[in-house]
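What follows is a single structure, written as structure tokens, with notes after it.
The values are calculated or read from the model by the stated rules, or taken from the named source; none is laboratory data. Here the structure is a predicted model, which is why all the values come from computation and not from measurement. No Cβ is skipped: glycine too gets one built from the backbone with ideal geometry, and neighbour counts run over all protein chains shown. The protein model used for the area step is the full one, side chains on, heavy atoms only, and it has no ligands, DNA or RNA in it. Shrake-Rupley method; radii C 1.70, N 1.55, O 1.52, S 1.80 Å.
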Amino acid sequence: MAKKRILSGMRPTGRLHLGNYAGALENWIELQEEYDNFFFIADWHALTTNPSAAFEVKEKTIQMVIDWLAAGINPENPIFIQSEIKQHAELHLIFSMLISTARLERNPTLKEQVRDLNSETLIYGHLGYPVLQAADILMYKANVVPVGEDQAPHVEITREIARKFNQTYAEVFPEPETRLTKFARLPGLDGRKMGKSNDNFILFSATEDEISKKVRTAVTDPQKVRRNDPGHPDICNVFIYHQKFNPAEIDEIRRGCESGMLGCVDCKNNCSKKLADFFAPIREKRLYYEKNISEVKDILETGNKKAQAIASETMADVHNAMNMG
Ligand code: TRP
């Protein structure tokens, strides 16, 4: 039986952090054998919150793809760039007739982003962000979309658009399902969502020294002031990192923290060490690709060609169904 297809992408944000790893990349890597995969860089999406991001897209794309490869994405999979496949823009336009603005305004992820941006005015392309995402997903007739929690509403909108297209014109698109990651939302050092704009992130290409400097700034249980004070691991950000990256010691750490035997400084040092060990092989593989950027560019070139071929087929189906275009 043919493998089911996965489509997943990220906006080009340059080097990735632990939140990107736990929230998406790790999931992609785990699923990649079982599925037929398409991975892509959502560079048009990067413009929806900042049009000037265009100038940085090329460099950030390369840096991000290096991290993907270093983390274990198999370069045999097509890895491609959204803006190189112009059909995404056409499909986005067609889909934009199949959903109401009221529906897009109800999107909880959008509401959260707008709050974070502190902006009164919503960009038209930002409102349509999930419509472009639907075009990305449905272009490749993906069955499964592995995403973090914040992206789940976009996959829901994708399903609605697929249904609407199929009802209005002809059955062309499958309804993709969401595959959530277990740690869909790894908090940043300060407890907010880990993100580049919050300066609460740890790059997974960071050195041990850089990691430990960052972890030292992490917010722990505010009631644990002195070493011997009993702590509450369930409200501690460092404890979440232990859960994710150091599961073997989790019970011991909980006991130590709650009893007041384990202080935050030691606990953080241990955490930094475990993070550095966990990411050491990735850091090493990264160095290889940094020296061989042309290899990364070739991988993208090949991916673009494969994506292009499928996009042409899908658009032929779309034109056929609509009897136009
Ligand atoms: N919106 C996703 C993010 O911000 C990126 C993205 C765009 C995407 N198109 C997609 C993810 C299609 C999965 C499938 O991370």
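Looking across segment 175-220, just one residue is closer than 30 Å to A162 by Cβ, outside any loop (DSSP other than H, G, I, E, B) and of a type in the set (S, T, Y), and that is T178.
Among residues of segment 119-133 being among the aliphatic types (A, V, I, L, M) and under 17 Å from M10 (Cα atoms), the one that is farthest from the ligand (Cβ to nearest atom) is V131.
Residue-wise test of (1) at pLDDT below 95; (2) open to solvent by 40 Å² or more (accessible area, probe 1.4 Å).
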site: K86; (1), (2): no, yes
site: I99; (1), (2): no, no
site: A102; (1), (2): no, yes
site: L110; (1), (2): yes, no
site: V114; (1), (2): yes, no
site: N118; (1), (2): yes, yes
site: T121; (1), (2): yes, yes
site: G125; (1), (2): no, no
site: M139; (1), (2): no, no
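Checking the conditions here, which among E33, E90, E26, E76 is away from the ligand (no atom under 15 Å from the Cβ), charged (D, E, K, R) and closer than 22 Å to F204 by Cβ? From the options E33, E90, E26, E76, the qualifying one is E33.
Out of curiosity, is A53 among the small types (G, A, S) and under 22 Å from M139 (Cβ atoms)? Even if it seems obvious, please write down each step before you answer.
Numbers: among the small types (G, A, S): yes; under 22 Å from M139 (Cβ atoms): no.
Here the answer is no, as A53 does not meet what is asked.
Take the conditions (1) assigned to a loop (DSSP other than H, G, I, E, B); (2) farther than 29 Å from K111 by Cβ; (3) open to solvent by less than 30 Å² (accessible area, probe 1.4 Å); (4) not assigned by TED's automatic domain parsing to the domain that holds A24; R227 misses just one of them, which is (3). Among the residues making up segment 141-164, those that are open to solvent by 30 Å² or more (accessible area, probe 1.4 Å) and outside any helix (DSSP H, G or I) are K141, N143.
Within the group I211, I235, I202, which residue is more than 15 Å from the ligand (Cβ to nearest atom), on the phi < 0 side of the Ramachandran plot and open to solvent by 20 Å² or more (accessible area, probe 1.4 Å)? Just one listed residue meets the conditions, I235. Residues being away from the ligand (no atom under 12 Å from the Cβ) and within 23 Å of I66 (Cβ to Cβ) are represented in segment 184-192 by at least one member.
One residue stands out among those in segment 36-63 that are within 11 Å of the ligand (Cβ to nearest atom) and assigned to a helix (DSSP H, G or I): the one that is most open to solvent (accessible area, probe 1.4 Å), which is W44.
When Q167 is evaluated against the numbered criteria (1) more than 21 Å from T48 (Cβ to Cβ); (2) assigned to a strand (DSSP E or B), which criterion, by number, is the only one it fails? It is condition (2) that Q167 fails. The condition of being away from the ligand (no atom under 12 Å from the Cβ), closer than 24 Å to I6 by Cβ and either free of Cβ contacts under 8 Å to residues at least 12 places away in the same chain or in the same structural domain as T48 (by TED's automatic domain parsing) (or both) holds for only one of D150, D136, D116, D67, that being D67. Here is the figure for segment 1-16: residues that are within 13 Å of the ligand (Cβ to nearest atom), open to solvent by less than 10 Å² (accessible area, probe 1.4 Å) and within 27 Å of Q243 (Cα to Cα) total 2. Criterion applied to D199, D190, D209 was being modelled with pLDDT under 90, closer than 26 Å to Y21 by Cβ and out of contact with any strand residue (DSSP E or B) (no Cβ under 7 Å at 6 or more places or on another chain), and the one residue passing it is D199.
Among the listed residues G263, G303, which satisfies the condition of being in contact (Cβ under 8 Å) with a residue 60 or more places away in the chain, out of contact with any helix residue (DSSP H, G or I) (no Cβ under 8 Å at 6 or more places or on another chain) and among the small types (G, A, S)?
Working: G263 fails: in contact (Cβ under 8 Å) with a residue 60 or more places away in the chain.
Among G263, G303, only G303 is in contact (Cβ under 8 Å) with a residue 60 or more places away in the chain, out of contact with any helix residue (DSSP H, G or I) (no Cβ under 8 Å at 6 or more places or on another chain) and among the small types (G, A, S).
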